[in-house]
Amino acid sequence: MNNLFSFGEKIPEYEMKVLNEREVRASAGILFLFAMISFLNSWLIGDFTITKIFVVVFLVEFTIRVLINPKYAPLLVISRFFVRHQEVEYVGAPQKRFAWLIGLVLAIVMFYLIVLNNVIGPFNLLVCIICLTLLFFEAAFGICLGCKIYNLFHKQKAQLCPGNACAVKDRVAIQNINPVQWVLVPMFFGLIFIIANSPLIHPTTQNLSANTKINGDCEIPDWVKKIGHEEKWKLHNGCVDNEIKDKTKPVVVPSVLPKAEVAPAVVADKLEQKEADLKSKPDKDCTVPQFAIDMGHTEQWKLHNGCL
């Protein structure tokens, strides 16, 4: 029983229990990927189904990590499998437990708000941003922000940090950044800005018209038909229906191509669901709050809150 409810592994070389940082970092990457997918799905489409599923998964994962044993947390098990051929990097378990406790608290809050009560608002957005930030820093840089917070509340500072960051006081030459490197960074982002606003990314109407194909030149491959993606294939390959072709006028293509049409059955299902939700809550207050108006997110707020 003691082996079941435990946190970290006991290694003879170290006084404290430890975890494998490679597993921890890999699991953070997995969580960040699906957290970003669920966040974008909610923000751009207004569908919180994936977000609710992710919150439940996140809650179960961190409950096992913090209250039972990280060894049996599913995503850590998966991460262990993928990094099993890499050299182990030991990190202190106490600070990781504190960091994961923060994650567990955030998961409980999101579970209560979104899954149980379907509450949508700026507080949810704030919690999502905090979660994404913590996961991103862990996965991308190997920096545990929760462990930094741990040092603020414990006299016994964190030990065995990733990359031996707790012990390293002076940087070696390869870690220093020279002036040329600092100059290259803003130049890099400036180049991205120029490219993003160039005709290469935003073609002119004339260029689009010249590259636009008419149905006669657009033979849809069989594999596209088999997966039912004819309209998407036409959209991606610049194919225009014959109906819009007027022999007396040049073909005009908008500067931004329209989005692919959603299947009528899908639209009907979503409308029926919206109507059912409204009927179940006839007194729902759809008054757009001032913060949404100030941010210019009136329509997005209506979408997220089921207001037609």
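Where a number appears in this text, it was derived from the coordinates with a stated rule and is not lab data. Note that this is a predicted model, so its numbers are computed, not measured. Here the Cβ is made from the backbone with ideal geometry for all residues, glycine too, and neighbour counts use every protein chain on show.
Using just the C-alpha positions of segment 9-170 as equal point scatterers, what log10 of I(q)/I(0) does the Debye formula give at each q in 0.18 1/Å?
With no solvent term, the Cα-only Debye profile gives -1.12.
Considering Cα pairs under 8 angstrom that are at least six residues apart, work out the relative contact order of segment 9-170 and quote it in whole percent. Intermediate results must be reported in sequence, preceding the final value.
Working: 178 pairs, mean separation 46.8, N = 162.
Relative contact order here is 29 percent.
Work through the residues other than N20 whose Cβ is under 13 Å from its Cβ and net out their charges, Lys, Arg +1 and Asp, Glu -1.
Result for the local shell: +2.
Apply the Karplus curve 6.51 cos²θ - 1.76 cosθ + 1.60, θ = phi - 60°, to the phi angles in segment 174-188 and return the couplings in whole Hz, x for Gly and Pro.
In residue order, the calculated couplings are 5, 8, 7, 10, 8, x, 4, 5, 5, 5, 5, 5, x, 5, 4 Hz.
Separation between the N118 and N3 pseudo-spin-labels, each 7 Å from Cα along Cα→Cβ, expressed in nm?
About 4.7 nm, to one decimal.
Residue by residue, what Karplus-based ³J(HN,Hα) values in Hz, rounded to whole numbers, does segment 296-304 have, using 6.51, -1.76 and 1.60 with θ = phi - 60° and x for Gly and Pro?
For segment 296-304, the Karplus curve yields x, 10, 4, 5, 5, 4, 4, 5, 5 Hz.
Would you please state which residues of segment 133-173 a label at L184 would reach in this model, taking the label point 7 Å out along Cα→Cβ and a backbone N cut-off of under 18 Å?
Hits in segment 133-173 for L184 at 18 Å: 173.
Could you give the length gained by full extension between L40 and C307, i.e. 0.36 nm per residue of separation minus their alpha carbon distance, to one decimal place?
Details: separation 267, 0.36 × 267 = 96.12 nm, distance 1.98 nm.
94.1 nm is the gain from fully extending L40 to C307.
Testing the spin-label approximation: label points 7 Å from Cα along Cα→Cβ at I129 and Q300. State their distance in nm.
1.1
When Lys and Arg each count +1 and Asp and Glu each count -1, what net charge do the other residues less than 11 Å away from C161, Cβ to Cβ, add up to?
+1
Between N164 and V105, what FRET efficiency follows from the Cβ-Cβ distance if R0 is 25 Å, with the result rounded to 0.05?
Numbers: r = 29 Å, r/R0 = 1.15.
Computed FRET efficiency for N164 and V105 comes out at 0.30.
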